[in-house]
Amino acid sequence: MKNKAVYLIITLFYFTSCLPRHEIVRQADNRQTDSRPADSRQADSRQTDNRPNSTEPPKTGASTTSPATLKPGTSLAGINYIERYRNIAIEEMERHGIPASIKLAQGLLESGNGSSRLAREANNHFGIKCAGDWGGGRIFHDDDEENDCFRVYQHAEESFRDHSQFLLRRRYEKLFTLDKRDYRAWAAGLKEAGYATNPRYAELLVDLIERYELYQYDQENAGRTVAIPPAVSGRPIRSTEELPIENTAPPTVNKTPVTMKIHEVTEGETAAIIAYRYGITLQELLTINGLKSQELHRGQLLIVSKPD
């Protein structure tokens, strides 16, 4: 009997000691979960709401073209150059009538897609020299003569605007009688007027325009409407400004590049290596590109095929 009483006491003690302890644990857990400071929960909420958006669209003007999607004969550096400067080229076309395609092609060619020393150190994208009444900054660089003087600009856009002023001289006045959408005629006119010494300068410009389809920018915001003659439309011509001009039809979009191979110089390449690669002599490479020395720079465009 005494043993049963002892067993009963032990059993009651066990249940009375365990039940409160579980309850205490549960209450402690609840307090730990529910009693966090309000500002901590708000901070967690703010951290969740303010995470960076991984689907943010690319910045305006940035090229989304990848090397795998490049068209033959083009480069990512060239595409990025066009994306960066096409707006200023169009603005200058609307202001002065110089085809945007011509300006962009000259910039690509003269500056090596913006990588030449003159472009990098002087913001000079068109190789314009200090001749005339130039009173701005100067940089010296070997060209037709040793230590030729070239203009320095505060920014590249200033170079694009000065290029327009440069072409407004009497020497190039015949260009402005041409349709601004006839880039072939403009390229030939620049060469005829002596803009560059390269004997195939016009072909280079046309090739770049057609490879990169720069002619599309000659149609954008052209700013001039040509009325249809009365004999066709039955409507009167309102003013002489609306008379049709010669060669107003835009060039056909599907163009075949002129028969010419162009090589874009990469880091470490020499004139001799490039000539050997394309099966021409070093002297032929220098002659067809109008070069007086073997000095090259990254991004420079070279003709690597003999004249037809």
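The set of residues from the stretch 95-119 being charged (D, E, K, R), touching a helix residue (DSSP H, G or I) at 6+ places or on another chain (Cβ under 9 Å) and surrounded by fewer than 17 Cβ atoms within 10 Å (Cβ to Cβ) comprises just one member, 95.
Residue count for the stretch 282-308 under the criterion of being part of a strand (DSSP E or B) and without any contact (Cβ under 8 Å) to a residue 60 or more places away in the chain: the result is 1. Restricting the stretch 112-126 to residues that are closer than 19 Å to residue 151 by Cβ and in contact (Cβ under 8 Å) with a residue 60 or more places away in the chain, the residue that is nearest to the chain's Cα centre (by Cα) is 114. Within the span defined as the stretch 111-127, every residue fails to be aliphatic (A, V, I, L, M) and in a strand (DSSP E or B).
Flag not set for residue 129, criterion: basic (Lys, Arg) and under 18 Å from residue 208 (Cα atoms). In the stretch 81-103, the residues that are closer than 14 Å to residue 125 by Cα reach residues that are of a type in the set (D, E, K, R) and in a helix (DSSP H, G or I) with C-beta atoms within less than 7 angstrom, at least six apart or across chains, in these pairs: 88/157; 89/103; 103/92. Within the stretch 139-147, one or more residues are within 21 Å of residue 205 (Cα to Cα) and either surrounded by fewer than 18 Cβ atoms within 10 Å (Cβ to Cβ) or in contact (Cβ under 8 Å) with a residue 12 or more places away in the chain (or both). Which condition number in (1) within 17 Å of residue 300 (Cβ to Cβ); (2) at pLDDT 90 or above is the one that residue 218 fails? It fails just one condition, (1). Inside the stretch 87-126, residues that are over 18 Å from residue 186 (Cα atoms) and of a type outside the set (Asp, Glu) make up a count of 16. The listed residues are 266, 270, 259, and the only one of them that is under 26 Å from residue 74 (Cβ atoms), surrounded by 11 or more Cβ atoms within 10 Å (Cβ to Cβ) and either acidic (Asp, Glu) or modelled with pLDDT under 85 (or both) turns out to be 266. Would the stretch 68-78 turn up any residue that is outside the structural domain of residue 301 (by TED's automatic domain parsing), more than 14 Å from the chain's Cα centre (by Cα) and assigned to a helix (DSSP H, G or I)? Yes, that holds for at least one residue.
Looking at the stretch 223-239, can you tell me whether even one residue there is within 29 Å of residue 290 (Cα to Cα) and either surrounded by 14 or more Cβ atoms within 10 Å (Cβ to Cβ) or modelled with pLDDT of 90 or more (or both)?
Within the stretch 223-239 (the criterion being within 29 Å of residue 290 (Cα to Cα) and either surrounded by 14 or more Cβ atoms within 10 Å (Cβ to Cβ) or modelled with pLDDT of 90 or more (or both)), the answer is no, since none of the residues qualifies.
The values are calculated or read from the model by the stated rules, or taken from the named source; none is laboratory data. These numbers come from a predicted model, not from an experiment. Here Cβ is always computed from backbone atoms with ideal geometry, including for glycine, and neighbour counts include all displayed protein chains.
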